[in-house]
Structure formats: structure tokens, C-alpha cells
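These notes are about the structure you will find just below.
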Amino acid sequence: MRKWLFARWYNKIMEKYEAYISQRKQALFTDLPTTVMEIGPGTGANLGYLSQGCKWIGIEPNPYMHPQLREKAASHGVEAEFRVATAEGIDVDDASVDAVLCTLVLCSVRDPQQVLNEALRVLKPGGKFYFIEHVAAPQGTWLRRWQRVMRPIWSGFADGCRPDRETGAAIQNAGFRSVELEGFRVPFPPALPFVSPHVAGVAVK
Ligand SMILES: C[S@@+](CC[C@H](N)C(=O)[O-])C[C@H]1O[C@@H](n2cnc3c(N)ncnc32)[C@H](O)[C@@H]1O
């Protein structure tokens, strides 16, 4: 029921955020290759940034997201393949994709480290991991305390999302050859104040 509700309301909740972040996404995804795997694509917010004819594999465990995903992939001319699965164990061959996309997902997965290991496994050598994530505020700040207090409530509402995860550090320590990461803030109202700060960047295998 919770997953159904999340899928139903997700686009509405994210409308302002997507408008706000679109310039950053355009810059970040400018050199996306033609074989892409996406972790937790949700309703397909990133499909419009792929080139027509791109081969895309979506690893999305919430089946209620899939109808919107299929529709969007078709309307953007993306050659889509779907897995109703979690990204802790991806049914994709080793070293077979040029890029992995991951936006606003590592906050919600059960085991971020395992998901990053899987991303590294499926990437070809030199392949790129593109990410945008909201992360924990620095230790000792009021925002960090607030994130901790809000975690159980927000997690119940937002399908397991944890606002106080150290996702930037997890990406930097995952074993990529290089990581380019930029921190930024998304002002309220596009994001709730405790779903901040954000990091975006590219990590190379
Ligand atoms: C906040 S939404 C983000 C959706 C989309 N990436 C975006 O930027 O709008 C988080 C997504 O991650 C998916 N998800 C949650 N746990 C996952 C896991 N273990 N593996 C893969 N996807 C997962 C959820 O079903 C949901 O679609």
C-alpha cells in the first residue's frame, strides 16, 4: 500500500525539485553514453536526459513505478529493459555497461555499500557512475540533529528514505579510480530543509 501511494504521488511531490535541478542534470548528464543502467529510476525523472536509441536497463523494485517508466521510456525513444529487483544483487553481467545512473536512491536502499559494489561490478573499466544524492549534514550541526529526529517519520512517509546517510563519503570510499563530487543546497520549497545538503558528481571505475 505504501509503495503504491509513493508511486502515485511521487511526480507531484517532485515537480518543483525537478524544475530546480534540471540545469544541473543537463550539465552532469551531458556526455552520457549509449548503454546505461539506472538504479532506482522511480517514475523516470532521468529518461529525458538520455539520447534517443540509448539502451537503458532500469533496476526498480517498486512495481507500481513501472507503468510510468515504460510510458516515459517509449516517449523518449529509449530502448528500455526492466528488472523488478533491488540493486543489492543486480542480474546484469560483469563489466557490461558504460554508465550507471543513480539519483536520490542511496538514501533508500537497504545496503548502500553493496549497491556501490554492484555498480562497480557491472561497469566496464573506465565506465562512469553518475550520481545526485541528498546526504547527512555535518556532525554537530542543528541540521544533523534535525535529520536524526525526522528520520523515522520521513522514512515511513518516503519509502525508507534516511536523511542522515553519509552517502558522499560512501561513494568516495567505494573503490572508484576517481570521484568528482560537488556539494550544494536545494532551497526550500523544492526540497524539505532536512533533505539537504546534496552532492552530485561522476565517479570513474
Ligand atoms: C526517491 S526515489 C528516486 C527515484 C528517481 N531516481 C528520481 O531521481 O526521481 C527512490 C527510488 O529508489 C528505489 N529503490 C529503493 N530501494 C531500492 C533498492 N534496494 N534497489 C534499487 N532501487 C531501490 C525506490 O523504489 C524508488 O523508485
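The values are calculated or read from the model by the stated rules, or taken from the named source; none is laboratory data. Bear in mind the structure is a predicted one, so any value in this text is a computation, not a measurement. Note that each Cβ is placed from the backbone with ideal geometry, even for glycine, and that neighbours are counted across all protein chains shown. With ligands, DNA and RNA removed, areas are computed over all heavy atoms of the protein, side chains included. Shrake-Rupley method; radii C 1.70, N 1.55, O 1.52, S 1.80 Å.
Observations
- Ser155 contributes an accessible area of around 30 Å² to the protein surface, as traced by a 1.4 Å probe with all chains present.
- Of all DSSP beta bridges in region 2-204, antiparallel share, percent nearest 5: 40 percent
- Measuring nothing but protein heavy atoms, the accessible surface of region 2-204 at 1.4 Å probe radius is 54 percent carbon and sulfur.
- From phi via Karplus (6.51, -1.76, 1.60), per-residue ³J(HN,Hα) for region 167-175 in Hz, x at Gly/Pro: 6, x, 5, 4, 5, 5, 9, 7, x
- DSSP-assigned coil residues among trypsin sites (Lys or Arg not before Pro) in region 127-184, each with at most 11 further Cβ atoms within 10 Å: Arg177
- Accessible area (Å², per residue) of the chain, counting only protein heavy atoms and a probe of 1.4 Å: 49 Å²
- Loop sites in region 96-205: GluC sites (Glu not before Pro), DSSP, at most 14 other Cβ within 10 Å: Glu166
- Top of Ala95, Ala87, Ala137 by mean-square fluctuation, Gaussian network on the chain, Cα under 10 Å: Ala95
- Using the empirical formula 2.2 N^0.38 Å as the baseline, the Cα radius of gyration of region 2-204 reaches a ratio of 0.96.
- Our coupling estimate for region 83-98, obtained by passing each phi through the Karplus curve with A = 6.51, B = -1.76, C = 1.60 and θ = phi - 60°, is 10, 8, 7, 8, 7, 6, x, 9, 7, 9, 4, 4, 6, 10, 10, 7 Hz, Gly and Pro reported as x.
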